[in-house]
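Heads up: the structure comes next, in C-alpha cells.
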Amino acid sequence: MKIIDGKAIAAELRADLKKKIEQSEEKPGLAVIIVGEDPASQIYVRNKIKACGDLGIRSYAYALPETTSQEELETLLDKLGKDRDVDGILLQLPLPKHLDSEAASKHIPFEKDVDGFSAENLGLLMQHKEEVVACTPLGVMKMLEREGIDPTGKRAVVIGRSETVGKPMAMLLLNANATVTVCHSKTPDLASVCASADILVSAVGKAKFVTADMVKEGAVVIDVGMNRDENGKLCGDVDFENVKDKTSYITPVPGGVGPMTITMLMYNTYIRFKSK
Ligand code: GUN
C-alpha cells in the first residue's frame, strides 16, 4: 500500500510552472471574484491568491459585498473579459442565494474560463479534445499519471455526479480508456458496484462513506471528500484507517487531492495565458 502524497506532487508541479513563468517575459493574470462572506470561500480565495503570488502570476482580487446585484456582477465580468492583462477569470462559487451563478458564468468568455465549467469546455471534454478541465478531476488525473497508474482497461467507479467533480472525472477516466461506472444517491447496491472497482474515486461529501467492504483488494482509492468528522477534524469520504491496508494506492485527507486543486487552477491559468 502506498499513500499518495498530493502535497509533494503539487509542489513539484508548481515548481515546474514557476520556472516556466519566470522564463516568460509577460506574466499570466488571474482575476478572482468573491461575493459575500462565506468563510470557507474566503479561505479558498485567499489560498488561490497566495498561490498566484508564489508562482509569479498576477492576481486581481475582487471582494464584492453580499448586496451586489446580478447586473453589477455581470458588468464586472464583462469588463474583465475585455481586459488584455486578465487571462483567467475565477468566480468563486457558491454565490449568495439572490444571484444566478449560471447566468453570471455566461459573462466569462470561454477563452478565460479556468474552471472548465463552461458549456464549451465541457463539450471539448466530451469530444476528448480537452483544453481546460475542472481543477479537481484534472488534479486526480495528474496524480494517477505521476504514480504511473494507467487507467487503460481498468474498471473505474466514480461516486458522485456533480458538474464540478463527478461528471468530468468520469469523462476523463473514460477518455483515458477505463471502463467507467458513475454511482449516486439513486444507485441500488452501491457497495457492491464500488467493490468491483480497480480505481475508486469518491466525491460524495460524507465522512466515512466508503468502508472497507466497498473496496476491492489492491484497488486504487482516490478521496475527493472534504468533510469534518465527529470531532470537527478535517476528513475525506473514505474510512481511511480501515480501508488503507486493502488498497494498492490511497490518497489521504488532508494532503491528497486538496493540494492538487489549486495547482491545477494555476496550470489552467497558464494554459490560457499561453494560448492567447
Ligand atoms: N467553489 C468550490 N470549489 C470551486 C471551484 O473549483 N471553482 C469555483 N469557481 N468555485 C468553487
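Packing order of peptides 169-178, 70-79, highest average first: 169-178, 70-79 (average count of other Cβ atoms within 10 Å over each peptide's residues). Start at zero, step by 10 Å, and the Cα-Cα distances of the chain spread as 7, 28, 34, 23, 7, 0 percent across the bins.
Of the Cα atoms belonging to region 121-169, the radius of gyration and Dmax stand at 11.1, 28 Å. For region 99-152, the extents of the C-alpha atoms along the principal axes are 41, 22, 15 Å, listed from largest to smallest.
Spin-label model, Ala103 to Lys186: label points 7 Å out along the Cα-to-beta-carbon direction sit 2.8 nm apart. Peptides 12-23, 263-274 ranked from most to least packed by the mean count of surrounding Cβ atoms within 10 Å: 263-274, 12-23.
With Rh defined as the Kirkwood radius, the inverse of the mean 1/r over Cα pairs, the Rg/Rh of region 1-93 is 1.06. Of the Cα atoms belonging to region 156-196, the radius of gyration and Dmax stand at 9.9, 26 Å.
The charge dipole of region 10-144, taken about its Cα centre with unit charges on the Cβ of Lys, Arg, Asp and Glu (plus for the first two, minus for the last two), comes to roughly 500 debye.
Computed with the Debye formula from one identical point scatterer per Cα of region 184-276, without solvent, the log10 of I(q)/I(0) at q = 0.22, 0.24 Å⁻¹ comes to -1.03, -1.16. With 18 Å as the limit on Cα-Cα distance, the pairs of Lys2/Lys233; Lys7/Lys48; Lys216/Lys244; Lys27/Lys48; Lys2/Lys167; Lys19/Lys274 that go past it are Lys2/Lys233; Lys2/Lys167.
For region 56-182, the Kirkwood hydrodynamic radius comes to 16.2 Å, computed from all pairs of different C-alpha atoms.
Using the average count of surrounding beta-carbon atoms within 10 Å as a protection proxy, the listed peptides 57-66, 225-234 rank, highest first, as 57-66, 225-234.
Converting phi to 3J(HN,Hα) with the Karplus coefficients 6.51, -1.76 and 1.60 and the offset θ = phi - 60°, region 22-30 yields 4, 6, 8, 5, 7, 10, x, x, 10 Hz in sequence order, with x at every glycine or proline. In order along region 256-263, the Karplus-derived 3J(HN,Hα) couplings, from 6.51 cos²θ - 1.76 cosθ + 1.60 at θ = phi - 60°, round to x, 5, x, x, 6, 4, 5, 4 Hz, and Gly and Pro are given as x. Going by alpha carbons, how many degrees (0 to 90, nearest 10) lie between the helix axis of 135-146 and the longest principal axis of the chain? The angle comes out at about 50 degrees. In region 129-205, the convex hull through the Cα atoms has an average projected area of 5.1 nm², a quarter of its surface area.
Throughout, read-outs are computed from the coordinates displayed, never taken from laboratory work. Worth saying up front: this structure is predicted, and the values here are computed from it rather than measured. Neighbour counts are summed over all protein chains in view; Cβ atoms, including those assigned to glycine, are modelled from backbone coordinates with ideal geometry.
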